[in-house]
Every structure is written in structure tokens, then in C-alpha cells.
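Trainee: Sending over a structure as C-alpha cells; questions will come in a sec.
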Amino acid sequence: MINQPNKRSAGFTLLEILVALLIVSIGLLGVATLQIRGQQFNQVSYLRTQATLLGYDLMDRIRTNYAINSANPNMATYNIPTFINVGPSGIIGQPITTCDTGQCNSTALMNYDLDNWFYYLRDTLPKGETKIVPKSQNSDGITNKYEISIRWKNIVDDGEEGYEELPSWKLEL
């Protein structure tokens, strides 16, 4: 006698396969979401690192100008009192090179520093903005304390529009 399969259990294996496929696909969607979020957080971390490097670079530029021109009572003061967008319209072409080979006074060196630094800020941070506020002067009337702030467009898609900003740096010369 030949055993005939029970008609009630026919196709049960196909149903199990479909449920297993559904569970696996939900798991893979979760892994894909984690990958995307991980990439976003890596990008945010990269931009924070770049902003930190740019902040330290500007502090070094101000220190250099101070060291070279500190005997000059008319030394230029780095002063950008409100956040400015250093977009493409603010800088034309490559950074200026006037102080690379020749002597520069305090004001020319400040303009050189800011122009070059804005160029790198614009190319590094999305919609990068900066604010440089002089805080106090020494006995010679030369500014020796600054507060530097850098912010940029928030790129993480969490439905929140706005800017990412690092805590301000306090620079004392």
C-alpha cells in the first residue's frame, strides 16, 4: 500500500519558508539602518575633528602674528564679532600668497591669515561659519585674549535643522 501525503499539511513548508524570509529581511533592514547611522555618526565625528584642527590652526596663526608684531602698538586685532558664512562668494579662487615670500605688517598678515583660513574652513565644513571676539588687552593696548567659535551645518538626518557648534576656544597670548 502506498502512503499518500496528508493534504492538510501540504504547503506547510512553504509557509515556514515565507515566515523565515520575512524575519531575515527585517533583520537585514535593521543591519542596513545601523550601517547608515554609523556612517552618519562617522561623518559628524570627522567634521568635529576638522573643526577642532581648524580652530587650533587659527589660534596658531594669531599667536604667530602676535609673536612677530607684539612690539608694534598698532598691531591688528582679529575681530569678527558675529558668525559669518565664509561661502564661495567671500573668497575668490585659491588662498592669497602675498605673505609667503615677502615681509608683511600686522594688518597684511592678519588679512592673509584670515583669507587662507576662511578658504580652508569653506572647503572643510559644510556652510562653515566663524566668530572671533577679542576679549582683553595687555598693558601695551594689544589684544591678548580671544574667543574663537566655529559652527557648521548639521548633516545628520534626524529631522532637526540647524548648526553643529563646538564649544568656544579661549586663546590667551
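Trainee: Taking the highest mean first, how do the peptides 124-132, 103-111, 33-41 order by number of other beta carbon atoms within 10 angstrom per residue?
Mentor: Put in order of decreasing packing, that is 124-132, 103-111, 33-41.
Trainee: Here's something else I'd like to know. Given H placed on each backbone N at 1.01 Å, which residues far from Asn154 in sequence or on other chains put an amide H within less than 5 Å of it?
Mentor: Amide H to amide H, under 5 Å and 5 or more residues apart or across chains, Asn154 pairs with Gly162, Tyr163, Glu164.
Trainee: Relative to the present Cα-Cα distance, how much length would full extension add between Tyr56 and Ile155 at 0.36 nm per residue of separation?
Mentor: That pair, Tyr56 and Ile155, stretches by 33.3 nm at full extension.
Trainee: Could I have the simple spin-label model distance between Leu166 and Lys145, label points 7 Å from Cα toward Cβ, reported in nm to one decimal?
Mentor: According to this spin-label approximation, the distance is 2.1 nm.
Each reported figure results from applying straightforward, stated rules to the coordinates on display, with no laboratory input. Please read all numbers here as calculations on a predicted model, not as lab measurements. Reconstructed Cβ throughout: ideal geometry from the backbone, glycine too, with neighbour counts over all protein chains shown.
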